[in-house]
Amino acid sequence: MNFRLTTAAAAILVASLVASNGYASEAKKPVKKSTATKKAKTPPPPTVEEQIQALRQELEGKINGLKTDLSDKDAQLKKAQLAAADAQAAADKANAAASAQQQAVSDNAAAVTTLQATLDDVKNANALAVGSLSDDISKAAKKSDLSDIANGKFKIGATIFADYSYWSDYDGATAFIDNQTKPSSTADNNYNNFEVTRTYFNLLYTPNDAVSVRITPDIFRPLPATAVSSAATTTCTVALKCTTTVTNTLTTDQSLAIRLKYAYIELNKLFANVKYIKNGKVTFGQTQQPLTDWEEGLTGHRYTYKMPMDFASGLSSTYVGVKARLPFELNGKTYLDTDLGVFTNGSYSSTELSGTKQFMGRATVYPMGTRKERTGLGLTIFGDLGFTNVAPSAAVATNYSLDRMTFMGHYQTPSKGYLITGQYNLSHNVKANGTNQAGYAFEGNARLGGSKSPFHAFGMYQYYEPNTNVSTNNATKYSRTVGGIAYKFNKNLDISVANSNLQYDSAAKKNDANVVSVFTQYNF
């Protein structure tokens, strides 16, 4: 609605009001009042100008009010327009944010793909860096004499065997362990002694997984009277009867000496690509023969007594030669363990003289398989075909073959807490040409207490006939027993107390041998 009034309209309105006012004054003429009664004067009516002025003011008030309302409406409209603009801007911003979020999802997926590719690149780069680092280490190793030691490739260790022994009986010959100091005669029944019987220095070098080297010097006390010098004196009587006297001088120096026990190289990866014998290895040098070291590992008491074939038939633990050990495995279990080799006839403690060599082999079958070496039920056979260690030019009587065989059954629990073994031994000519030997032995080991107990009881019984050809050789038959308690003080130190006895099956009543010993073995 438009409330504005034009000037012409306002003039017409004013004229109408004036005419109306004139007609009214002509129609009614005032009555003259009596002078006798005076009345109050009536205020004159507003003039036309005053009325026009009042109307104008009223109209201006309304016009100003309309202007104010119009201004308010205009302000509200602008405010609404601003709110609409803000809402549109917010909507545009929300749309932009949604678009950005969608783009971010797309960008994130692309980033994940890129990150994965980058990770693969990093892995490849890392592998190259490791290879480069290994090369750098190898190069640095060439520059430093101590690098192999620092990297753990070269290790130094030692094994010490020391004991105290009290002899109550002595047969004149027997030593129950290696180089054991014995009484000087059978009359020294109360002889006792502290002794360091063996000391090994172990030098181990492993340049890589495929090769390992071991060198082990052995400090020991030599056996008595090993060197002899002779002097002959001839005297004659007047009757020209002459006699010759020979005087023998024995070398009695028994200071501790040093000799080489082991010096060998092992090739550990020759069969790495052969599925069933991947852990096989080849060893050459001065090394362990297939039986004795393996049996010592089975019983765990190498420091308290000699193994049966070592004690009875002179089978040394170490020879110079080459051997291959091939354990056959299937699904993580070993079912057959073989160890075959060719060796010198002379052991590590003697010079090789012969022009022939000896062949040794051991095969251990685990019918149910084993996941830990030397545990579970096993059946073992060992054979040795050799010759006397004499020069090829030696007489036929001293140049002959000899052989040994062992058949063994054994069972050891997986925790190695309990062990029992039984074996039968046969040999030919190991004592003298034309003689046969036979015997048997049992060994046992039992943990005392719980699974973590450091105490073990152990024992061994052996019966042996050095010459089965002679029916009247009772004087040489004997039985040997060893029994005691072992205590594992820690991972380095083992201590045991044992009684060792040798008794002859003899009508001649030969002296027996009996000794009580405290044995120690220290490894580091």
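Read-outs throughout are calculated quantities, based only on the coordinates presented, and are distinct from any laboratory measurement. None of the values given here were measured: they were computed from a predicted structure. As a convention, Cβ positions derive from the backbone with ideal geometry for all residues, glycine included, and neighbour counts pool all protein chains shown.
What distance in nm separates the two pseudo spin-label positions at LYS278 and GLN101, each 7 Å out from Cα along the beta-carbon direction?
Going by the 7 Å Cα→Cβ label model, 5.3 nm.
Using a Förster distance of 56 angstrom, determine the FRET efficiency expected from the C-beta separation of ALA432 and ALA162, and round it to 0.05.
For ALA432 and ALA162, the calculated efficiency is 0.95.
Ordered by packing density, taken as the mean number of other Cβ atoms within 10 Å over each peptide's residues, highest first, how do 374-384, 94-104 rank?
374-384, 94-104
Given the Cα-Cα distance of ASP505 and ALA89 and 0.36 nm per residue of separation, how much length would full extension add, in nm?
Full extension from ASP505 to ALA89 adds 138.1 nm.
Multiplying the sequence separation of THR413 and LYS62 by 0.36 nm and subtracting their Cα-Cα distance, what value in nm do you get?
114.6 nm
Taking every eigenvalue of the Cα gyration tensor of segment 266-407, multiplying by 5 and rooting it, what semi-axes result, largest first, whole Å?
Ellipsoid semi-axes (Å, largest first): 30, 18, 13.
Along segment 90-104, what does the Karplus equation 6.51 cos²θ - 1.76 cosθ + 1.60 (θ = phi - 60°) give for ³J(HN,Hα), rounded to whole Hz, x for Gly and Pro?
Whole-Hz 3J(HN,Hα) from phi for segment 90-104: 4, 4, 4, 5, 4, 4, 5, 5, 4, 4, 5, 4, 4, 5, 5.
So if we plug the beta-carbon distance of ILE381 and ALA457 into 1/(1 + (r/R0)^6) with R0 = 35 Å, what FRET efficiency do we get, rounded to 0.05?
0.75
Which value in nm describes the separation of the simple spin-label points at THR481 and THR114, placed 7 Å from the Cα toward the beta carbon?
Going from the THR481 label point to the THR114 one covers 8.5 nm.
So if each residue of separation counts as 0.36 nm, and I subtract the Cα-Cα distance between ASN331 and TYR440, what length gain in nm does that give?
Gain on stretching ASN331 to TYR440: 35.7 nm.
Taking the Cα centre of segment 51-99 as the origin, how large is its charge dipole in debye, to the nearest 20, when only Lys and Arg (+1) and Asp and Glu (-1) carry charge on their Cβ atoms?
40
Of LYS278/LYS333; LYS333/LYS452; LYS281/LYS491; LYS278/LYS491; LYS357/LYS477; LYS416/LYS452, which sit over 20 Å apart, Cα to Cα?
As for pairs spanning more than 20 Å Cα to Cα, those are LYS333/LYS452; LYS281/LYS491; LYS278/LYS491; LYS357/LYS477.
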